[in-house]
Amino acid sequence: METGTELFERKVLIVDDEEINREILGNIIESKYKVDFAKDGKEALEKINDRTSGISLVLLDIIMPEFSGFDVLARMKKEGTLSEIPVIVLTSEKDSEIESLRFGAADFLTKPYDSPEVILARVRHSIELFENSRIINATEFDKLTTLYTPEFFFEYASRFDKRFPERVMDAVAINFTRSHLLNELKGRGFGDKILCAMADGLRSVLLKTGGIAARKGDDTFFAYVPHAEDYEAIIERMNEKLSPLLKASETRLRLGVYTDEGGELPMMLRFDHALHACNSIRNKAGEEICVYDSGMAEREVLNAHLLEDFEAAIEQRQFKVSYQPKFKITDGEPILCSAEALVRWLHPKLGFVRPDLFIPLFEENGLVTRLDRYVWEESARQIARWKRELGMTIPVSVNVSRVDIAAPDVTDFITKIVRDNGLEPKDYMLEITESAYTEDSNRIIEVVEKLRSLGLKIEMDDFGSGYSSLNMLTSMPIDALKMDKAFIRNIKPGNKEMELVTLVLKIARILGVPVIAEGVEMEDEYKLLKDAGCDIIQGYYFSKPLPPEEFERYRV
């Protein structure tokens, strides 16, 4: 049975065609190491290539018949084992010593041999030096891309700053936006090919510009480079490397830059800023590069405050739910038919904080589900309150994100809200964005079908902003299409935008579901939509989102 000490014992392979030489070295080496022997080069290679042999060092005679030490070194170099096992050559010829080092030998021992103490010292030095180098390399380089690991990268960049304080350097963060989806659709192996292609593109640019790079996580790369005004070259080169693997429509890279001319900020904070700039263009179509500026610095401070205050805001009910009415317009005068719940934050120090400032932030930081559930509960209580106190039944729709759908208890949570507040399922509607359907259609359809079977109504929100195919629409379980407000913004009689609205209305009739137009602000828009056959209107033309007490003026 092996003891803990024996598991870490090193083995030295002695290769020499002279038995007496093998015995001399064996007697010296075995006092500190395990020893194995090979009488020629071919036997040596067999043992070296045996992955179970556990060889830590090879003592290799250069002058042997048939298969010389040089032949062994050449084969080891070709097969890659020379990078895994160090070799000390044994020779009496000075020229052979120099040639062996050129072949990649770690050291040499001269015949006749030095004292045993010298031999053991050189063996120990070669093994330790090699093992230390392997440990450093293991922590220095990312195994997949061979770029630096983040830890080594930050240390290297910091040391560079100390040596060259006068140089202006940029922290650059590059992100591939669809890596998670591609891993799910095409497998982890394909995702690894994407990362390697990106690394190759980045590496080829840095060979020209200078700088270093690291892989940070599953879909992000860092680069520390001399300051430049334009970073299109990195995006272009990475896209070139990705083109054999992906269609242009499947590729989206984002790049964020932070320049610290004084070198005052800690290295990791510079890259936090670069990553913040990168993430700021996550949902901005057509934008690929963003430079961190003073406005972003102020926004980061604000974000930090909002994240820190989130728990207190939930506990103290600082989030206020407003209700924007929806009007049915198919029969004569508009009739109030439902409302959408929208959240606002009444912050004790900042006043009202706009949703576009905190909702994306909470999505990025995993807090959006807690906020959504808060809104769901508040909305259910409000529906029940109107029913109980005013005799007014107003169905309310709440937003359900892709993240919400992923939660295993989402169905139970929603049905419990409806049941606990004494609501009919038809009183409580769920808005799910089109993009959620297209990103994880199987999971969405499974959850939505279960909710609909319980009587809940589902609206597809932002229809037209995603990429669902007409074929997918036939399998999507929905009760209404909510047309994205971008369709409404520029509609005029007979123009392209109006033709698209007409097309959406035709699709909805084929599916047998009503269409809700949101973001309607002008009377001309309202009339065009009514004449085209739109079913329901929501927007400032009728009303802004209202607190519950103001909404009650619509009491009938």
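The values are calculated or read from the model by the stated rules, or taken from the named source; none is laboratory data. Keep in mind that what you see is a predicted model, and the values were worked out from it rather than measured. Note that we place each Cβ from the backbone using ideal geometry, even for glycine, and neighbour counts take in every protein chain shown. These area figures cover heavy atoms from the full protein model, side chains too; ligands, DNA and RNA do not enter into them. Shrake-Rupley method; radii C 1.70, N 1.55, O 1.52, S 1.80 Å.
Quick notes
- All positions within the stretch 200-251 that are buried (at least 19 other Cβ atoms within 10 Å of the Cβ) and touching a Pro at 6+ places or on another chain (Cβ under 6 Å): Ala214, Lys216
- Looking only at the stretch 83-98, and only at residues there that are buried (at least 17 other Cβ atoms within 10 Å of the Cβ) and in contact with a Lys or Arg (Cβ under 9 Å, 6 or more places away or on another chain), the one that is modelled with the highest pLDDT: Ile88
- Residue match in the stretch 433-444 (condition: in contact with a strand residue (DSSP E or B) (Cβ under 7 Å, 6 or more places away or on another chain), closer than 22 Å to Ser379 by Cα, surrounded by 15 or more Cβ atoms within 10 Å (Cβ to Cβ) and in contact (Cβ under 8 Å) with a residue 24 or more places away in the chain): yes
- Some residue of the stretch 372-389 being acidic (Asp, Glu), farther than 28 Å from Pro514 by Cβ and out of contact with any strand residue (DSSP E or B) (no Cβ under 7 Å at 6 or more places or on another chain): yes
- Of all residues assigned to the stretch 67-74, none qualifies as being among the aliphatic types (A, V, I, L, M), open to solvent by less than 70 Å² (accessible area, probe 1.4 Å) and part of a strand (DSSP E or B).
- Screening Arg270, Arg254 for residues that are of a type in the set (D, E, K, R), open to solvent by less than 50 Å² (accessible area, probe 1.4 Å), assigned to a helix (DSSP H, G or I) and in contact (Cβ under 8 Å) with a residue 24 or more places away in the chain leaves exactly one candidate, Arg270.
For every residue, the table says whether it meets (1) closer than 20 Å to Tyr323 by Cα; (2) of a type in the set (D, E, K, R); (3) more than 30 Å from the chain's Cα centre (by Cα); (4) at pLDDT 90 or above.
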| position | (1), (2), (3), (4) |
| --- | --- |
| Trp376 | yes, no, no, yes |
| Gln382 | yes, no, yes, yes |
| Trp386 | yes, no, yes, yes |
| Phe413 | no, no, no, yes |
| Ile417 | yes, no, yes, yes |
| Glu431 | yes, yes, no, yes |
| Arg452 | no, yes, yes, yes |
| Leu456 | yes, no, yes, yes |
| Asp479 | no, yes, yes, yes |
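- Selection status of Tyr526, touching a residue at least 12 places away in the same chain (Cβ under 8 Å) and surrounded by fewer than 18 Cβ atoms within 10 Å (Cβ to Cβ): no
- Residue within the stretch 99-108 that is outside any loop (DSSP other than H, G, I, E, B) and of a type in the set (Lys, Arg) present: yes
To keep it simple, each residue is scored yes or no on (1) farther than 22 Å from His276 by Cβ; (2) touching a residue at least 40 places away in the same chain (Cβ under 8 Å).
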position	(1), (2)
Lys320	yes, yes
Cys337	yes, yes
Leu342	yes, yes
Leu346	yes, no
Lys349	yes, no
Phe352	yes, no
Glu364	no, yes
Arg370	yes, yes
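- Breaking point among (1) at pLDDT below 85; (2) over 41 Å from the mean Cα position of the chain (by Cα); (3) surrounded by fewer than 14 Cβ atoms within 10 Å (Cβ to Cβ), for Asn137: (2)
- Residue in the stretch 163-172 that is touching a Ser or Thr at 6+ places or on another chain (Cβ under 6 Å), in contact (Cβ under 8 Å) with a residue 24 or more places away in the chain and part of a strand (DSSP E or B) present: yes
- Only residues that are part of a loop (DSSP other than H, G, I, E, B) and either within 20 Å of Ile119 (Cβ to Cβ) or open to solvent by 40 Å² or more (accessible area, probe 1.4 Å) (or both) were counted in the stretch 19-65, giving 14.
- Selection within the stretch 376-396 - outside any helix (DSSP H, G or I), surrounded by 16 or more Cβ atoms within 10 Å (Cβ to Cβ) and of a type outside the set (A, V, I, L, M, F, W, C): Pro395
- The set of residues in the stretch 107-166 that are farther than 19 Å from Pro86 by Cβ and among the polar types (S, T, N, Q) comprises Ser115, Thr139, Thr145, Thr146, Thr149, Ser158.
- Qualifying residue in the stretch 160-170 (condition: modelled with pLDDT of 90 or more, closer than 22 Å to Gly26 by Cα and buried (at least 17 other Cβ atoms within 10 Å of the Cβ)): no
- Index of the failed condition, Ile359 passing every other in (1) out of contact with any Asp or Glu (no Cβ under 8 Å at 6 or more places or on another chain); (2) in contact (Cβ under 8 Å) with a residue 40 or more places away in the chain; (3) of a type in the set (Val, Ile, Thr); (4) within 19 Å of Asp462 (Cβ to Cβ): (2)
- Taken over the stretch 304-332, residues that are open to solvent by 60 Å² or more (accessible area, probe 1.4 Å) and within 18 Å of Ile394 (Cβ to Cβ) amount to 2.
- For the stretch 543-556, taking the residues that are under 15 Å from Ile335 (Cα atoms) and open to solvent by 50 Å² or more (accessible area, probe 1.4 Å), the one that is modelled with the highest pLDDT is identified as Glu552.
- Residue within the stretch 459-470 that is at pLDDT below 90, out of contact with any Ser or Thr (no Cβ under 7 Å at 6 or more places or on another chain) and within 19 Å of Cys337 (Cβ to Cβ) present: yes
- Check on Ser280, among the hydroxyl-bearing types (Ser, Thr, Tyr) and free of Cβ contacts under 8 Å to residues at least 24 places away in the same chain: no
- Any pair with Cβ under 7 angstrom, 6 or more apart, that starts in the stretch 64-76 at a residue that is within 12 Å of Glu46 (Cβ to Cβ) and ends at one that is in a helix (DSSP H, G or I): Phe67/Gly41; Phe67/Lys42; Val72/Gly41; Val72/Ala44; Val72/Leu45; Arg75/Leu45
- Near pairs, Cβ below 7 angstrom, 6+ apart or cross-chain, from the stretch 405-419 (more than 18 Å from Met460 (Cβ to Cβ)) to any residue that is assigned to a loop (DSSP other than H, G, I, E, B): Thr415/Leu454
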